[in-house]
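Following: one structure in structure tokens, then a few remarks.
The values are calculated or read from the model by the stated rules, or taken from the named source; none is laboratory data. Keep in mind that this is a model prediction, so the values were computed, not measured. Note that we place each Cβ from the backbone using ideal geometry, even for glycine, and neighbour counts take in every protein chain shown. Just so you know, the surface numbers come from the protein's heavy atoms only, side chains and all, with ligands and any DNA or RNA stripped out. Shrake-Rupley method; radii C 1.70, N 1.55, O 1.52, S 1.80 Å.
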Amino acid sequence: MEVGRLPISASQRGKLIRAGYTTLSSLSSLSPSDLARGAQTAWDMLHEEQLLRRITTSCADLDNILGGGINCKEVTEIGGVPGIGKTQLGIQLAVNVQIPVDLGGLGGKAVYIDTEGSFMVERALQIAEASVLDMVEYNDLLRKEHRKCQVNLKPNDLLESIYYFRICSYTEQMAVISYLDKFISAHKDVKIVIVDSVTFHFRQDFEDLALRTRLLSGMALKLMNLAKTYNLAVVIFNQVTTKYMEGSFQLALALGDSWSHSCTNRVILYWNGDDRYAFIDKSPSLRSASAPFSVTGKGIRNSASNHKRIKLM
Amino acid sequence: MADKLIKEMGLPKSMANVFAARNITTAQEALALTDFELMLLLDVGMAEVSSALARISEIACPPYQTALALMEQRIQKEGHGGHLPTGLKGLDEALCGGIPFGVLTELVGPAGIGKTQFCMKLSLLASLPTAYGGLNGRVIYIDVESKFSSRRMIEIGVQSFPDIFNMKGMAQEMAGRILVLRPTSLSKFTESLQQIQVALRQQQVKLVVIDSMTAVISGIIFCLGITDKEPQDNTYLVGISLAEFSRIPIVVTNQVRSQTRDEGCQYSFQVRSTEDPVGYDSHLVAALGINWAHSVTIRLVLEAKSGQRFIKLAKSPMSPPLAFPFNITAAGISLLDDYGRELKGAEINKIHSHEKAKEGLPATFLTVRQKPPPTSSYVQRRQTLRPHSGETRHYSDDILWRAHDLRPVPPRSCLHPD
């Protein structure tokens with residue numbers, strides 16, 4: 001019997017065929033460990049995870065519910081209504097990934113894929129300047145204890161490490177995500193890929209919904225591969241739509257139910273009274289929790305109602 | 001980028017032929033299929049398909065820039081660092097220079113609040129020479145509801161920039177740079193967008209104003225009988241892609257409607273509040289729905305509260321949520337306070353108006369189907385927005401009314417307020 005006729009998913013079928021197993025008889029003599037070449041034990045994975053640093057969001061409460069910050073090797077989806085601060089968070093993360101290793105950051109670069117045109121360079125400069133000031137302040141605190149080295153970063157240097165792609169159609173979006181594999185192997189210091197937003201070009205008048213689902217799942221797979229292969233964080237932004245559930249209209253993230261399975265973590269940004277809150281909607285390792293945050297002239301910071309100091313890990 | 005031809009991509013000859021044989025000619029068609037589907041369709045091995053796709057993706061992908069290079073390019077090459085200064089000091093500072101290029105800026109507010117006035121002022125500003133803070137270019141004004149008044153625009157020009165406009169022939173030249181299109185149907189509107197694309201390629205146009213987008217979309221609803229509250233339509237996408245492609249500001253006006261019970265405002269995980277979320281005063285929201293709200297980059301809400309008009313930065317990636325009180329004067333719009341008041345929370349998105357909009361009916365239907373008679377109810381609306389008695393009345397309200405009536409203005413000196 002042909003492998004092509006087996007009731008398994010297309011990607012699994014593809015993998016089997018690629019590995020050369022085209023008939024059932026060729027599979028029958030294998031054991032699971034042979035097939036699962038490249039698997040790791042859970043213990044090894046735990047060790048790896050503990051060594052990984054996380055990318056801070058500059059808001060202590062938000063970092064707390066995220067378990068320290070945005071994690072590498074995972075795809076995090078962040079969604080919210082217009083104006084809640086998704087692009088702000090994106091720019092903040094693109095700057096924070098560059099925090100030097102000595103100060104507790106990753107010292108990496110960022111790829112920012114802009115599909116809506118909401119990346120404003122002036123705002124990125126503002127956030128970069130505030131970040132440099134924070135780093136200098138933190139460094140002064142550290143220096144008394146440990147003699148850390150100088151912070152030589154300038155705001156322009158921070159801007160220079162953000163690679164910006166401007167995408168104008170869904171084809172370009174598919175193309176850039178496929179091209180990123182080659183790009184990142186040439187720029188190995190990229191540690192975060194931000195897609196703002198993944199929904200825009202897939203929402204408007206897609207006649208063939210089946211095509212849309214296929215393209216989106218292909219894209220999700222590629223992003224996940226990127227995260228795992230190059231050990232970086234992938235953050236994608238999603239928009240919001242209204243759904244009729246439980247007898248009334250409610251807000252939900254766009255792109256449908258099948259997309260909601262594609263990401264590792266899902267965070268929803270929403271208004272609660274006068275404050276902005278973030279809610280962990282779905283995560284394999286983080287518990288559901290909400291945390292307030294605010295958007296200030298310096299970027300994302302703690303909510304003004306909690307007077308906590310800004311922690312840079 | 002999506003329409004790049006595969007035969008020009010430098011693929012190995014055999015692969016290029018196979019693609020052509022299966023009728024896949026552009027990057028868009030190739031990237032719409034997964035690797036596995038392509039493998040089955042083209043009947044080639046996985047390795048060849050992967051390398052072909054990698055090549056196609058690399059070519060179809062737009063070039064990247066570092067954010068620093070982006071900033072330098074915008075500051076050096078574009079007028080005023082990539083912004084159109086509005087002449088309102090507080091607003092320009094909040095927007096880091098003015099209306100940004102390359103993205104959609106939306107003006108939303110109830111009828112009569114001053115959206116068209118603002119648009120006319122912006123059109124004038126874009127046509128001015130660079131030395132006076134303008135973009136020295138042509139303006140395309142798509143006037144769907146026939147609200148544009150050239151008489152009023154000249155008046156704004158004369159009052160705001162008397163030294164230019166009193167020069168011989170300047171008024172004619174400035175006004176001559178503003179092209180007003182009045183499409184009467186959807187097909188004409190699409191035609192006008194195409195005209196714009198042509199003009200843009202000749203690099204003369206520096207601003208596009210669409211007044212109002214709501215009328216366009218509700219005109220579509222009316223003509224095609226679509227009952228969907230939030231129509232998915234491609235025409236406004238064309239507007240967006242115009243902006244990206246050509247780096248000019250695009251200003252769009254939007255109207256308001258009352259919020260119906262059917263609209264979601266909470267997520268499933270939020271605790272449902274027992275009190276009525278609709279609120280005490282007339283709860284207005286911007287028309288065109290949440291999809292549209294995601295598509296615009298800057299949203300300026302104009303509203304009237306307690307007799308004072310405000311312009312609020314409801315959505316802007318680079319500004320804090322500020323509200324500036326403003327008035328409509330002979331010179332267009334002027335801010336009463338350049339510092340503005342920072343609003344907390346979701347208050348910045350709310351739209352207030354003195355008149356109670358009809359429950360459930362989108363206000364757009366009123367404008368498309370039955371234009372309000374330009375007599376009693378219109379004057380009434382003007383009067384509700386006038387400051388209370390005892391303060392100076394702005395004579396400009398009279399001029400506005402007359403401009404809309406398009407009756408000849410009686411010979412009266414424009415410089416004496418009542």
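A few remarks follow.
- Within the shell defined by Cβ-Cβ distances under 13 Å, the residues around B:V301 carry a net charge of +4, with Lys and Arg each +1 and Asp and Glu each -1.
- 3J(HN,Hα) along region A:287-292, derived from phi through the Karplus expression 6.51 cos²θ - 1.76 cosθ + 1.60 where θ = phi - 60°, amounts to 7, 5, 7, 10, 9, x Hz, with x in place of Gly and Pro.
- Cα centroid separation - region A:229-296 against region B:109-137, whole Å: 39 Å
- Of A:K86/B:K206; B:K89/B:K315; B:K147/B:K188, those spanning more than 28 Å from alpha-carbon to alpha-carbon: A:K86/B:K206
- Accessible surface buried by the A/B pair amounts to about 5600 Å², both sides summed, 1.4 Å probe.
- Legend: distances between Cα atoms for A:K182/A:K222; A:K73/A:K154; A:K228/B:K4; A:K188/A:K228; pairs beyond 22 Å are A:K73/A:K154; A:K228/B:K4.
- Chain-alone versus full-assembly comparison, region A:57-96, residues with accessible loss of at least 50 Å² (1.4 Å probe): A:P82
- Amide H contacts for A:L106 (H built 1.01 Å from N in the peptide plane; partners 5 or more residues away or on another chain; cut-off under 5 Å): A:I99.
- Point-charge dipole on Cβ atoms (K/R +1, D/E -1) for region B:6-60, about Cα centre, debye to 20: 180 debye
- Qualifying trypsin sites (Lys or Arg not before Pro) in region B:1-102, where qualification requires a DSSP coil assignment and no more than 15 other C-beta atoms within 10 Å, comprise B:R22.
- Distant-in-sequence amide H partners of A:K282 (H built 1.01 Å from N, under 5 Å): A:R266
- In order through region B:144-158: 3J(HN,Hα) via Karplus (6.51 cos²θ - 1.76 cosθ + 1.60), integer Hz, x for Gly, Pro: 6, 9, 6, 9, 6, 10, 6, 4, 5, 5, 5, 4, 4, x, 5
- Gained length - B:K77 relative to B:S150, 0.36 nm times residue gap less alpha-carbon distance: 23.1 nm
- What a 1.4 Å probe finds exposed on region A:182-313 is 52% carbon and sulfur by accessible area, rounded to a whole percent.
- Simple rule: put +1 on each Lys or Arg Cβ and -1 on each Asp or Glu Cβ in region B:6-60, find the dipole, and look at B:S57, B:M46, B:G10; the Cα lying farthest toward the positive end is B:G10.
- Computed from the C-beta positions of A:D181 and B:K7, the FRET efficiency with R₀ = 30 Å rounds to 0.80.
- Couplings 3J(HN,Hα) for region A:245-262, derived from phi with the Karplus relation 6.51 cos²θ - 1.76 cosθ + 1.60 (θ = phi - 60°), are 9, 6, x, 8, 7, 10, 7, 8, 6, 6, 6, x, 6, 5, 5, 5, 8, 6 Hz, where x marks Gly and Pro.
- Over all other residues within a Cβ to Cβ distance under 12 Å of B:A16, the charged ones net out to +2, with Lys and Arg as +1 and Asp and Glu as -1.
- Ligands, DNA and RNA are left out, and with a 1.4 angstrom probe the accessible area of region A:72-190 is 33 Å² per residue.
- Burial here means at least 50 square angstrom less accessible surface with every protein chain in place than with the chain by itself, probed at 1.4 Å; in region A:115-129 the buried residues are A:M120, A:V121, A:E122.
- In this structure the amide hydrogen of B:Y141, modeled in the peptide plane, comes within under 5 Å of the amide hydrogens of B:L179, B:V180, B:L181, B:V209, none closer than 5 places in sequence on its chain.
- Tensor-based shape of region B:6-60 (alpha-carbon gyration tensor, a/c under 1.5 rounded, otherwise prolate or oblate): rounded
- One Cα centroid belongs to region B:6-35, the other to region A:71-115; the line between them spans 35 Å.
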